[in-house]
Amino acid sequence: MKRLITLLFFWGTVLSVTAQMVVPVQLDVKPVSRKRASGGGFYYSNVQTGRALQITIQNTSPKPVPGVTVRWGVVKTRSRVYSSDSQRNWRERAFGAEEKIDLKPREQKIIETAEVGAAREESHVDGWMYGEKIIGHGVQVLIDDKVVAESYVPASPAIKKSLEKIYPLEEEEGDRKRKSRS
């Protein structure tokens, strides 16, 4: 009888701890990208790319999950020098947003983000690039300011670090408008 009580106590403790460790949300991220090369000439081309994200969040528990924060960002670099130069002056920035949602039991929500664009000139001969390039994206799901799910493409510390500070989309659009005027 003592063994049975000990065994039941042990499994009750294990199940309790396991239930606390289970994340109540699932995350799925699909990038929606476009690329268009235009103009230029034989030696170079103008390339415009854009990336938006389709983020699917699902509550896997039978209880509601209020106050879920979804942070997303598309990371791009800027370069004004040859890509083969060891003294590259690239800046990585994540442009995106943060959104708060409440999830009902077993509810699934899809967030379709705005597109983040990048424009650059590429050389077909020398390998140089002037302008912007999208290098990845990331999504974090937070509950009570704790990250409970995340996805980074590519899965690298640089992309994750870029998401520590997300620049608003208005800044990204303003940069593109200023560049198109010059």
Label points 7 Å out from Cα along the Cβ direction at GLU112 and GLU99: separation in nm? 1.1
Amide H of SER61 versus every other amide H placed in the peptide plane: which residues, excluding those fewer than 5 positions away on the same chain, fall under 5 Å? ARG106
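Once you've got the Cα coordinates, tell me which of LYS109/LYS161; LYS63/LYS165; LYS109/LYS160 are over 30 Å apart. Intermediate results must be reported in sequence, preceding the final value.
On the way: LYS109/LYS161 26 Å; LYS63/LYS165 32 Å; LYS109/LYS160 24 Å.
Long pairs (Cα-Cα over 30 Å): LYS63/LYS165.
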Quick one: Karplus J couplings for the stretch 110-121, per residue in order, coefficients 6.51, -1.76, 1.60, θ = phi - 60°, nearest Hz, x for Gly and Pro? 10, 10, 9, 7, 6, 7, 9, x, 8, 10, 7, 10
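Every read-out reported here was derived from the displayed coordinates using simple, explicitly stated rules and does not represent laboratory data. If you're wondering where the values come from, they're calculated on a predicted model, not measured in any experiment. Note: ideal-geometry Cβ built from the backbone for every residue, glycine included; neighbour counts use all protein chains shown.
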